[in-house]
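Contents: one structure, followed by commentary.
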Amino acid sequence: MRNVLADKLTQTRQKLKEAYDLHFAATIERSEKQIMLARHGRRLLNLLDDTPVVPGDTRPEFEHASQARQILNDAEEDLREWTPNLEPVHSTATGMGTNLMPTEAGTAGTSVSGQEEAPMSIANGSTTGQLGYPEQRDLSGNSNIAQPEPTSSYQV
C-alpha cells in the first residue's frame, strides 16, 4: 500500500511539473508574439497624422496605405516565422513513461513532457508539437498534438 501511495505522489508531481512546463511554454510563446506585434503597431502609429484640425475643416485622406499594408505583411511574416527557443525542463522521475507506466529504460534524456531533449534552439520544443502548438494529453497520458486552425490573411 505504501508503494502505491508513493507511486501516486510521484505521478502527481510529474504531471504537475509537466503541466507547468506546458503553461510556461505557452506564456513565453504568447509574450514573444505580443512583443513582435507591439513593435509593428508602433511602426503603424508613425504613419498616423495627428496634426490638429480646425472644426469645420476636413482631415486629409490617409496617404500611407501601401506602407501600412507592408507593415501588416511584415507582422504576418514574423508570426509565421516564429519558432520556439525553449530550454528543456528535465525530469528526474526515472522508470516512468509519458503515460506514467513503468518503462524498461527509464526516462533519461527526456523532458518533462516526454520528448527527447535537444539543444537550446529546439525545432520541436520540449513542450510543443511540430508547429509550436502545445501537446494535448488525455487522462491516460496519450498525446495528441493540437492541430492549428486554418487562418486567413488580415484584410485592411
Rounded to two decimals, the Debye log10 I(q)/I(0) of the range 26-91 (Cα scatterers, no solvent) at q = 0.14 Å⁻¹ is -0.59
If the chain between Arg13 and Arg30 were fully extended at 0.36 nm per residue, the gain over the current Cα-Cα distance would be 3.6 nm
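None of the figures in this text is laboratory data; all of them are computed from the coordinates on show. Bear in mind the structure is a predicted one, so any value in this text is a computation, not a measurement.
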